[in-house]
1. Can you tell me the relative contact order of region 419-498? Whole percent, Cα pairs under 8 Å, sequence separation 6 or more.
2. In square nanometres and to one decimal, what's the mean projected area of the convex hull around the Cα atoms of region 419-498?
3. If you take the alpha carbon radius of gyration of region 148-300 and divide it by 2.2 N^0.38 Å, what ratio comes out, to two decimals?
4. Cβ neighbours within 10 Å, averaged per peptide: list 269-275, 379-385, 330-336 in order, most packed at the top.
5. Please tell me the relative contact order of region 257-401 in percent, rounded to the nearest whole number, where contacts are Cα pairs under 8 Å and at least six residues apart.
């Protein structure tokens, strides 16, 4: 149709929907010259060349507005910047919230079809409606062909007709999605725009809670990534919207990965910690999200929650983690406790440190980092708290341990000299709970687990072996280790025997 020789080229109108509304609606503040320059554009000759169905439009300006001007995928365009230019941000200096600002901050939809494409879309939609209402034979194939053609026409940002329909909040969306599904063309629901966003991504950005289960049931794939590697689950956490219906919709599917990472190796749980979202953290861990996945800087979600000083998220994560997992180090060889002690004293630092100390090892440090006590030496309130959880803190500060089990009492010249006074009771407890296995790992003796296990009392064999080695383990450091692996009863027995 557009190739007819007598059809003049359409006028180029560089207006988005906001500017169009401003011109068409009564507004005495719009300069008369601006209004005249637009309204004087003569489109009648252009539209008269088409068939009666298109030329019968009663309101020419309404036709232009509704058929040619449509919206953008919730992203503000910078007309001064070339498409290939990218703003390089220093992640260390910028708040993580700003990294996904175009997802978190909803903006007006303002992308456009070209005038030619807008008219063709209008014609295709009308033809589809006529075909569906008709009783003609073989219309299934015709509808499929029309749908393919309709979805091959893109807005300037790569959106399809369905993206535009959703973001413009059109009531026809459910009908179109159902039609696509009934035609066996669910792949159309997963077409990605220039930023690789699908309709499901856009439904989350637009807070369409009720639409999420419907889209999933009709074939939308929640695991497709955008241009930053974020899937629909990432979007829900970043946006702070739609996560619950999204998780309910995918729980019976087999092809999802709750721990999928974006290009920064952030899982959805990393992002919920980044944005301090306690509710979403609980939803994700209840759904099976792992607390142990590392991001590109070696950080677990717990590291991020501590860095963001978010006590509720820290508490939620700690409830799902074992003591050995809590002492995991990041790319700088820092544990979560070391992060809390090394940073400034913020409103929740003491509360977070207390939560960590209930399970973490305060003497744990890598060769490239300092023990938590030394990091907190300039914070009296934090030091006071650390003293409550490690009775030999002063000695630890004087000499940083080479291992996480090094003696906390350097004045003791005979390692485990009091072992005979508590070995029977402690061994009975640890043999029963099999806590001796974790203790052996903490003492770097896990290579001998089979040997210990083959003896009548693995714990007795382990402790006597450690004493014979004379490698710096004392009763005091043993107390700390037992507390850290959750064997409080055994630790208290040793304390009682030392009094």
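Computed from the coordinates by the stated procedures, all read-outs in this text should not be read as laboratory data. None of the values given here were measured: they were computed from a predicted structure. We place every Cβ from the backbone using ideal geometry, glycine too, and count neighbours over all the protein chains shown.
1. 40
2. 4.6
3. This ratio for region 148-300 stands at 1.05.
4. Highest mean packing first, the order is 269-275, 330-336, 379-385.
5. Averaging sequence separation for qualifying contacts and normalising by length gives 17 percent for region 257-401.
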